[in-house]
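Asks: Mind looking over this structure? Questions follow.
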Amino acid sequence: MVPDGTPGPGGTVAYWGVPDAAIAIKRLETLGATVREPLQAVGEGIRVAAVADPFGNTFGVIENPHFSVEKVR
């Protein structure tokens, strides 16, 4: 999902869907997260970033304007 990205521990990063990735990253930083992969556009309006929580666990956020929760229920 992240072109030219660096694999995290185990090579896998879980991504949480968010409505606005920039706002989510700022909030996570205020809660003690450190940006590992800065926010970047990966095509078709999709934006991703990865952070490390205060314990070193890596996870990502993904903003995908094409995803609809209603369509997957």
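The values are calculated or read from the model by the stated rules, or taken from the named source; none is laboratory data. Just so it is clear, the structure is predicted and the values come from calculations on it, not from any experiment. Every residue, glycine as well, gets a Cβ built from its backbone with ideal geometry; the counts of neighbours run over all protein chains shown.
Asks: Of all residues in region 44-68, which are of a type in the set (Gly, Ala, Ser) and either more than 19 Å from Ile23 (Cα to Cα) or in a loop (DSSP other than H, G, I, E, B) (or both)?
Replies: Gly45, Gly56, Ser68
Asks: Here is a further query. Does Arg47 satisfy the condition of being surrounded by 12 or more Cβ atoms within 10 Å (Cβ to Cβ) and in contact with a helix residue (DSSP H, G or I) (Cβ under 6 Å, 6 or more places away or on another chain)?
Replies: yes
Asks: Identify, from the list Ala14, Ala21, Ala49, the residue that is within 12 Å of the chain's Cα centre (by Cα), within 14 Å of Pro3 (Cα to Cα) and aliphatic (A, V, I, L, M).
Replies: Details: Ala14 fails: within 14 Å of Pro3 (Cα to Cα); Ala21 fails: within 14 Å of Pro3 (Cα to Cα).
That would be Ala49, the only listed residue that is within 12 Å of the chain's Cα centre (by Cα), within 14 Å of Pro3 (Cα to Cα) and aliphatic (A, V, I, L, M).
Asks: If Val2 satisfies every condition in (1) among the β-branched types (Val, Ile, Thr); (2) at pLDDT below 95; (3) loosely packed, with under 15 Cβ neighbours inside 10 Å but one, which is the exception?
Replies: That leaves (3) as the condition not met.
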